[in-house]
Structure formats: structure tokens, C-alpha cells
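**Q** Before we start, here is the structure in question, set down as C-alpha cells.
The values are calculated or read from the model by the stated rules, or taken from the named source; none is laboratory data. Bear in mind that the values here come from a model prediction, so they are computed numbers and not experimental data. Note that we place each Cβ from the backbone using ideal geometry, even for glycine, and neighbour counts take in every protein chain shown.
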Amino acid sequence: MDYVEALRILEEADCLADQQTITKAIARMADEITAKIGKQNPLVYCIMNGGLIFTGQLLPLLHFPLEVGYLHASRYGKDHIGNQLEWIVPPQTSLTGRTVLLLDDILDEGVTLKAITEACQKKGARQVLTAVLVEKKHNRKVKADYHADFTGLQVEDRFVFGFGLDYDLVWRNAPGIYAVKGL
């Protein structure tokens, strides 16, 4: 995608959540997470690359001891669909007996997040919780009742980008959650 096309995508996109709305949602999530695991010294994993901005905004609001790491797994690569989970960076710390909190940008169908959760459980985590900035509203989840433990915003079932989510590898840095025109 060239520069002009990238600018056009953002200019034509529908803003589903502005930065102020996102900031409030993250603050609410921080309170919920603190109430649930604030006394457990959790291991918090940012799921790269999408979870980076969300994680950077959330962590300073968690006023309790925790360890931070990152994971990188993908089903997409440069494509928009995919089924094979590819580990780029698996968990590097012992998870045995730990509470693990996974932070990701979006829960769409949930295949990737569910696979990462199961991998952490197999590595001995006592408890694995998930937090996503955005969850898409639709009935195509990996399981009918599959949801993150903590969700910032729910959005319509469109192709979204911004605040960590990319569109064709660009606009992760967009200051809100946007839906691509026509998608």
C-alpha cells in the first residue's frame, strides 16, 4: 500500500471509538483487572504486535506488582485469513503455578487467543485470563460462548484498525478504532 492510499483509507474510514472513549474503556478494565488479580503477582503477556499500544496504555494503570513479557503468535502473516498458528516468540518464562494475563488488541473469532491460552495452560499456568481492547460482535466465535475475561469495547463486525490493530500492516498508530469504508 502506498502513502496516498494509506491516507485515503484513514480519511474515508468510520471512527467507531475515539481516543477519549478508548482511554475510559482501558481505565475501566484496569479497575476490573486490579479487583480480580491485583494480589496475585501475575505474569502479564502482551501479544505482539497488536497488543502493544493497548498494553502500553493499560500497564501504568495497574497499581500492583506484576511481571511483564511478550508473546508473538500469528495466524495471518500478511494475509487476512489463516488457520495455522505460528509461534514467533513463545512464552519464555516458567508459567508453572502462575496467574497469567494475556493482553491482545482484538477478539474476532478467538482462534488465536484460545490457542495461546491453551498453550499457557499446558505450560502449567494456574490461571489464564484474557483482556482485549476490542471484541467484534458476531456469532462466529471459536466456541459459542467464547469471550475475553476483560473487554474494553465491543464493535460491529467490520474490518477495523487503529490503536494497535492494523490495516494491511499500517495504521496501528491511528488514535482511535476505525472501520474501513465498505468492509
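**Q** Looking at GLY97, is it free of Cβ contacts under 8 Å to residues at least 40 places away in the same chain, in a loop (DSSP other than H, G, I, E, B) and either within 21 Å of ASN173 (Cβ to Cβ) or of a type outside the set (S, T, N, Q) (or both)?
**A** It is true that GLY97 is free of Cβ contacts under 8 Å to residues at least 40 places away in the same chain, in a loop (DSSP other than H, G, I, E, B) and either within 21 Å of ASN173 (Cβ to Cβ) or of a type outside the set (S, T, N, Q) (or both).
**Q** While we're on this one: Of the residues THR117, THR112, THR151, which single one is touching a residue at least 12 places away in the same chain (Cβ under 8 Å), surrounded by 21 or more Cβ atoms within 10 Å (Cβ to Cβ) and hydroxyl-bearing (Ser, Thr, Tyr)?
**A** Within the list THR117, THR112, THR151, the selection yields THR112.
**Q** Counting only residues that are farther than 24 Å from HIS72 by Cβ and in a loop (DSSP other than H, G, I, E, B), how many does the range 149-174 have?
**A** Of the residues in that region, 3 qualify.
**Q** Name the residues in the range 131-148 that are touching a strand residue (DSSP E or B) at 6+ places or on another chain (Cβ under 9 Å), in a loop (DSSP other than H, G, I, E, B) and surrounded by 14 or more Cβ atoms within 10 Å (Cβ to Cβ), would you?
**A** LYS141, TYR146, HIS147, ALA148
**Q** Turning to a different aspect of this structure: Do we find that VAL132 is in contact with a helix residue (DSSP H, G or I) (Cβ under 7 Å, 6 or more places away or on another chain) and not hydroxyl-bearing (Ser, Thr, Tyr) in this structure?
**A** no
**Q** Still on this structure: Could you grab me the full set of residues in the range 90-109 that are under 19 Å from THR55 (Cα atoms) and either in contact with a helix residue (DSSP H, G or I) (Cβ under 9 Å, 6 or more places away or on another chain) or at pLDDT 95 or above (or both)?
**A** Passing the criteria: PRO90, PRO91, THR99, VAL100, LEU101, LEU102, LEU103, ASP104, ASP105, ILE106, LEU107.
**Q** Based on this model, can you work out whether LEU43 counts as modelled with pLDDT of 95 or more, closer than 19 Å to THR99 by Cα, touching an Asp or Glu at 6+ places or on another chain (Cβ under 7 Å) and aliphatic (A, V, I, L, M)?
**A** In short, yes.
**Q** Within the range 94-103, can you find the residues that are β-branched (Val, Ile, Thr) and within 25 Å of MET29 (Cα to Cα)?
**A** Of everything in the range 94-103, those that are β-branched (Val, Ile, Thr) and within 25 Å of MET29 (Cα to Cα) turn out to be THR99, VAL100.
Yes/no per residue for (1) among the basic types (Lys, Arg); (2) more than 16 Å from the chain's Cα centre (by Cα):
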{"residue": "VAL111", "(1), (2)": "no, no"}
{"residue": "ALA115", "(1), (2)": "no, no"}
{"residue": "LYS122", "(1), (2)": "yes, yes"}
{"residue": "LYS136", "(1), (2)": "yes, no"}
{"residue": "VAL155", "(1), (2)": "no, no"}
{"residue": "ILE177", "(1), (2)": "no, no"}
{"residue": "VAL180", "(1), (2)": "no, yes"}
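**Q** Identify all residues within the range 71-89 that are in a loop (DSSP other than H, G, I, E, B), touching a Lys or Arg at 6+ places or on another chain (Cβ under 9 Å) and modelled with pLDDT of 65 or more; write none if there are none.
**A** GLN84, LEU85 - these are the residues of the range 71-89 that are in a loop (DSSP other than H, G, I, E, B), touching a Lys or Arg at 6+ places or on another chain (Cβ under 9 Å) and modelled with pLDDT of 65 or more.
**Q** Restricting to the range 34-52, and then to whatever is in a helix (DSSP H, G or I) and over 12 Å from LEU66 (Cα atoms), can you tell me which residue is nearest to the chain's Cα centre (by Cα)?
**A** GLY51
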